[in-house]
Each structure stands twice: as C-alpha cells, then as structure tokens.
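Enquirer: One structure coming up, written as structure tokens, with questions to follow.
The values are calculated or read from the model by the stated rules, or taken from the named source; none is laboratory data. Predicted model only: the values in this text are computed from it and were never measured. With ideal geometry, Cβ positions are generated from the backbone for all residues, glycine too; neighbour counts draw on all protein chains shown. Remember, those area values only see protein heavy atoms, side chains included, never the ligands or the DNA or RNA. Shrake-Rupley method; radii C 1.70, N 1.55, O 1.52, S 1.80 Å.
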Amino acid sequence: MGQLRGVIWDVDGVLAETERDGHRVAFNLAFEQKGLPWRWDESYYGALLRVSGGRERLLWDMARRADAPAEPGAREALARELHARKNALYAEIVGDGGVPLREGVAALMDECLNRDVRMAIATTTSRSNLDALLSYHLGATWQGAFAAVVCGEDVQHKKPDPEVYEKALRRLGESPLHCVAIEDSPGGVAAAHAADIPVVVTHSTYFKGATLEDAIAIGPGLHLRRGWRPFVGDRTGLAQDSRIALDDLQAWHERAESISQFA
Ligand code: XBP
C-alpha cells in the first residue's frame, strides 16, 4: 500500500451524529407539518438505517404502512415532498448548531491539510445536507479543504454499492491502496471494501454493536486512543485519553499492508 496519501470521509455517523438528532428529528417534523401521524422513535430509526438514502427509507417505511398512499405514483410523490421538507428542516437544525462535529474530527482534518494528505468526502446523503453541516462547522469555503466531494446525487447506486467510493477515488486521482476510508456502518464498510480501500471504523450511536470484519482498525471514535483494535500505542507521544492522529492512520495502513503481503 505504501504511503498514505488520501483520507476519505463518510459523513453521517463519522463527522457527526447526524442521524438520531438531525435527520430523524427532521423527518418527524416533516411528518407533523404534513399532518401525518407517523413518528420514528430512536430505536425504529436504527432499524430503518439499513436502508441507505432518506427518500428510499421513507418508501421502505411507507410500503409497510396501511395509511400510506397505495398507488405507487402517489407514494413516490409524497416521499419526494417529505424528503425535500426533511432536508430543509435538517438544514435549520444543523444551522442552529444542533449537531456538533464528533470530537477528534476537526483536529484530524487540520493535520491532513497541514501534512498534504488529500481529503475527500464519500457520502450518499444529499449535497444540501452536507453543505449545511460543513458550512456551519468549517465555514462557507469548506469545499476548499477537500480534493473531491461525492454525494448522493452523484451516484446511481447508494452504499453498500462501491460507486460513491470509486468516484471519489477517480476525482482524487489516487490508487485505493494509498487511501484510508473512515466509516461507521456495515453498508459503508462494505462499499469502501468493495472499492479496495482500507477502512478505519469509528463506532457511532446506531452501529456500535455491528460486526464489521473488514476494517483495518476499529474503535470508539477519533477523540480517544483507548479502546481501539489494533491497540494504539504512545508512538505519537499522546496519552491514551487523547485523540487519534494521522500517524495512527498511517501505522494501521502499514500494518494492514504487511499482513496482506503474507496472507
Ligand atoms: C447516509 C444516508 C443518508 C442519510 C440521510 O449515508 O443513508 O440517507 O441518512 O440523508 P452515508 P438523505 O453513510 O453514505 O453518509 O436524506 O439526504 O438521504
């Protein structure tokens, strides 16, 4: 694999805990505004996350509801309307500071920028949602920090399909083996893996218990060195209760390379 040249970020669950306190809340507000009695509680929303894409998630749920429109065209139209409304509400929640970045994310991004490790975003969320989140946290010029940004509108097939990662790689102009993807969900890990990109997993609220076999490292979040597999040593001089550094990503990347040579 060699030198680590690119870090490819997933968004929902990795940059921020957007799902429980952002998208889910916005979906429920959209239902309320439309006069629908539907509400997605935290636990049911966790089950719904098996479906990638907010509009697709709505359609999946409607297919199981007796009170949803029976006619496919009407159901599709309602899903589009609710999804657009949800995204506008999500932007308001995020724009009010309702969804903080996860700890350790901004520091690792700064390190990438300072050390010329190029960054990309590979998400199947809508571009407007990403823009709302990163404009709030990184400022209006956030796109300048990323060499490639691929969103839900840019792909035919959402995760776990590898298309979003393949596009990000093409735009980065890098080989997958010189990159690391940071993911939280089984679908995201499968997508990156299918694109041959080594994956680091940061557990998120909804996917804490998920079995994620294909990761080169897996841990509680970028904010903490304790609790990662493989173990994160003190090579960087950082204490166990401090954050994951770019050198840790590089070390996992090298370790995975040496293991794959003997596999
Ligand atoms: C996240 C998703 C999205 C978000 C909601 O995927 O599946 O559907 O939950 O966003 P990823 P939209 O892991 O690729 O970030 O409503 O815009 O789909």
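Enquirer: Please give the charge dipole size of the range 155-228, origin at the Cα centre, charges +1 on K and R Cβ atoms and -1 on D and E Cβ atoms. Round to the nearest 20 debye.
Expert: Computed about the Cα centre, the dipole is about 280 debye.
Enquirer: Measuring with a 1.4 Å probe in the full set of protein chains, what accessible area per residue, in whole Å², belongs to the chain? Mind dumping the intermediate values first?
Expert: Working: 11640 Å² over 263 residues.
That works out to 44 Å² per residue.
Enquirer: Then there is this: When averaged across all projection directions, what area in nm² does the alpha-carbon convex hull of the chain cover? Mind showing how you got there, number by number?
Expert: Working: hull surface 56.5 nm².
Here the figure is 14.1 nm², rounded to one decimal.
Enquirer: Please list Asp131, Asp12, Asp248 in order of solvent-accessible area, largest first, computed with a 1.4 Å probe with all protein chains present. Provide the component values of the computation, followed by the final result.
Expert: Values: Asp131 70, Asp12 25, Asp248 0 Å².
These residues rank, largest area first, as Asp131, Asp12, Asp248.
Enquirer: Around Asp154, with a cut-off of 10 angstrom between Cβ atoms, what is the net charge of the other residues, counting Lys and Arg +1 and Asp and Glu -1? Each step should come with its number before you reach the end.
Expert: On the way: positive: Arg127, Lys167, Arg171; negative: Glu153, Glu163.
Charge balance near Asp154 sits at +1.
Enquirer: Got a number for carbon plus sulfur as a percent of the range 19-95's accessible area, 1.4 Å probe? If you can, show how the numbers build up before the last one.
Expert: Values: 1920 of 3710 Å².
On the range 19-95, the fraction of accessible area on carbon and sulfur atoms equals 52 percent.
Enquirer: Just going by the charge dipole of the chain, with Lys and Arg at +1 and Asp and Glu at -1 on Cβ, which of Gly6, Val51, Pro230 is farthest out on the positive end?
Expert: Sorting the options by dipole projection puts first Val51.
Enquirer: So what J values fall out for the range 171-182 if you push phi through Karplus, 6.51 cos²θ - 1.76 cosθ + 1.60 with θ = phi - 60°, rounded to Hz, Gly and Pro as x?
Expert: Those phi angles translate into 5, 6, x, 10, 6, x, 6, 9, 10, 10, 9, 10 Hz.
Enquirer: Straight distance only, please: which lysines reach the Cα of Lys208 with their own Cα at less than 24 Å, same-chain residues fewer than 8 apart left out?
Expert: Lys158, Lys159
Enquirer: Can you run phi through the Karplus equation (6.51, -1.76, 1.60; θ = phi - 60°) for the range 98-108 and list ³J(HN,Hα) in whole Hz, with x for Gly and Pro?
Expert: Whole-Hz 3J(HN,Hα) from phi for the range 98-108: x, 9, x, 5, 5, 4, x, 5, 4, 5, 5.
Enquirer: Using just the helices of the chain, give the 222 nm mean residue ellipticity in deg cm²/dmol: DSSP H runs with n ≥ 4 each add -39,500 (n - 2.57), and the total is spread over all residues, rounded to 500. Provide the component values of the computation, followed by the final result.
Expert: Numbers: 9 runs with 108 residues, N = 263.
My calculation for the chain gives -12500 deg cm²/dmol from helical runs alone.
Enquirer: To the nearest 10 Å², what's Ile218's accessible area with a 1.4 Å probe?
Expert: Only protein atoms counted, so the area is about 20 Å².
Enquirer: Quick one: compute the contact order of the range 19-95, relative version, from alpha carbon pairs under 8 angstrom and 6+ residues apart, as a percent. Working shown, then result.
Expert: Working: 56 pairs, mean separation 33.5, N = 77.
Value for the range 19-95: 43 percent.
Enquirer: What's the extension gain from Ser135 to Arg170 if we count 0.36 nm per residue and subtract their Cα-Cα distance? Can you show the working numbers first?
Expert: Working: separation 35, 0.36 × 35 = 12.60 nm, distance 2.48 nm.
Computed gain between Ser135 and Arg170 is 10.1 nm.
Enquirer: Please compute the modelled spin-label separation between Ser258 and Ala66, points set 7 Å along Cα→Cβ, answer in nm with one decimal.
Expert: About 6.3 nm separates the two model spin labels.
Enquirer: What percent does the relative contact order of the chain come to when contacts are Cα pairs within less than 8 Å and at least six residues apart? Display every interim value, and only then the final one.
Expert: Values: 435 pairs, mean separation 59.8, N = 263.
Once normalised by length, the contact order is 23 percent.
Enquirer: What list of ³J(HN,Hα) values in whole Hz, one per residue of the range 122-137 in order, does the Karplus curve 6.51 cos²θ - 1.76 cosθ + 1.60 (θ = phi - 60°) give from phi, with Gly and Pro shown as x?
Expert: Along the range 122-137, the couplings run 10, 9, 9, 7, 5, 4, 5, 5, 5, 4, 4, 5, 7, 4, 5, 8 Hz.
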